[in-house]
1. Within the set K291/K374; K107/K291; K259/K374; K216/K291; K107/K259, which residue pairs have Cα atoms separated by over 32 Å?
2. Using R₀ = 60 Å, calculate the FRET efficiency as 1/(1 + (r/R₀)^6) where r is the Cβ-Cβ separation of N208 and D387; round to 0.05.
3. Run the simple label-point estimate for T402 and A181 please: 7 Å along Cα→C-beta, distance reported in nm.
4. If you stretched the chain out fully between S235 and A378, how much longer would it get, using 0.36 nm times the residue separation minus the C-alpha to C-alpha distance?
5. Within region 405-423, find all residues whose amide N lies under 12 Å from a label point positioned 7 Å from the Cα of T364 along Cα-to-beta-carbon.
6. Under a point spin-label approximation (7 Å from Cα along Cα-to-Cβ), what is the S435-F99 distance to one decimal in nm?
7. Please list, by residue number, everything in region 225-252 whose backbone N is under 17 Å from a paramagnetic label point 7 Å out along Cα→Cβ of A194.
8. I'd like the accessible area for M264, computed on protein heavy atoms only with a 1.4 Å probe and all protein chains in place. Round to 10 Å², please.
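The values are calculated or read from the model by the stated rules, or taken from the named source; none is laboratory data. This one's a predicted model, so the numbers in the text were calculated from it and none came from an experiment. Cβ atoms come from the backbone with ideal geometry, glycine included; neighbour counts cover every protein chain shown. Just the protein is used for accessible areas: all its heavy atoms, side chains included, with ligands, DNA and RNA removed. Shrake-Rupley method; radii C 1.70, N 1.55, O 1.52, S 1.80 Å.
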Amino acid sequence: MGSEREASKDRTANASAMKLLLLLLCGYHSLGAGDAHSISKVLATGSQKAEAVCAEPQVTRSSSSTGSTVPLNHRYGPCSPAPSANAPTIAELLRRDQFRAEYLRRKFTSTGGLQQSEVTIPTNLGTALDTLEYVITVGIGSPAVLQTVLIDTGSDVSWVQCNPCTSPPCHAPAGSLFDPAQSSTYVPFPCSSAPCTQLGDEGNGCSNSQCQYIAKYGDGSNTTGTYGSDTLTLSASETITSFQFGCSHDEEGLVSHQKTDGLMRLGGDVQSLVSQTAATYGSAFSYCLPKTSSTSGFLTLGAPSDTSGFVTTPMLRSQQVPTFYALLLQDIRVGGHLLGIPPSVFAAGSVMDSGTVITRLPPTAYSALSSAFKHGMAQYPQAPPVDPFDTCFDFTGLSNITIPGVALVFDGGAIVNLDFDGIIQGGCLAFAATSDISFIGNVQQRTFEVLYDVGQSIFGFRSGAC
């Protein structure tokens, strides 16, 4: 009897893990997204399947936006420009997420204190370089060679695979391998040039009088090559001349197995796309990450002239490492009631990160959230935990479920009412505990237009944008 019970527990845990993986990759279709009061939300459990075909974009742009919009799609769904059937297991996906969160936490907390501080191109939800999940397609060079690259708000030096690349051979799964020798506008930087000296820790010496770079990742992967500039094409009518990026000729580790052409970095330091285009787009960008694999979102360079449709909160920056964008979480609301978490719990700040999957909170905050959420879910039996989630429920046989709404309350009174799938994933509360610093993950960001206005030092959130 004991062995039968253990086998039954294992089957239940495995089933929960499989459901969770599908929902992390595909999302829920929910009712009540962006509700004004967010006391409770209702989900029809039969609506969890993603569509088999790419749906028409459901993008709602800000009325004051001056940029143009193009679709953004899910890596593993029918809209992906570089589809892959090799989805990670739930254990691997969440292991990678934990590793990234710890890697960024160490970098962020070692830098010291914080300070308070348009054109649109397609973005596509995927997974590569451990947890980076969103890609855009741009053109590099003259003539332009299409490149499908990941976006990352937690780093600065962009790069694409370049010819020659033989160790290991480059894959160029989504576009064509970029050959700098075939571009009339490509220029490698001299070793003594200002762009080369600005690379700092990502500089990698000199070769044949040309500047070399190295991009390292938390799992030990790296890519190395020549640092130079070329024309970046965002759309048929929008180009950026002398865009600085790394031309990768050598890749080691997991980075060599990814199914994209490179990485477009949106951090806050001088090498990022955001900083390089500040004179044109004003050191601002926004994105809307799609809910499912069959829907689309967008990435926009530039800020809207009117942010009345957004709730806003001050942006925090690190003086020593300006890559990161952070904000101050003040409390959490569950079922319409504030939890009353002491402000000191969130004093270290919260990093807004496109590459972290789930939101991670300091232990005191997570414990309060978990307890309040369990109280609001008392009508449902609890289910075995699925690491790192420990607040899970059994919805077997139910056609509809009702959960308490959850809202994040930020400095300045900005209240962000989370969508259903930003609250619960695969029957589990979609949050986890971390140490002192919080991370706002992309699961909680989905369907919101998240505005990073670096020039004005504000974050903005607009619900129901995609």
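1. K259/K374
2. Once rounded, the FRET efficiency stands at 0.80.
3. Computed distance between label sites T402 and A181 equals 6.9 nm.
4. Numbers: separation 143, 0.36 × 143 = 51.48 nm, distance 5.11 nm.
My answer for the length gained is 46.4 nm.
5. Taking a point 7 Å out along Cα→Cβ of T364, no residue of region 405-423 has its backbone N under 12 Å.
6. 1.9 nm
7. 228-230, 241-245
8. 10 Å²
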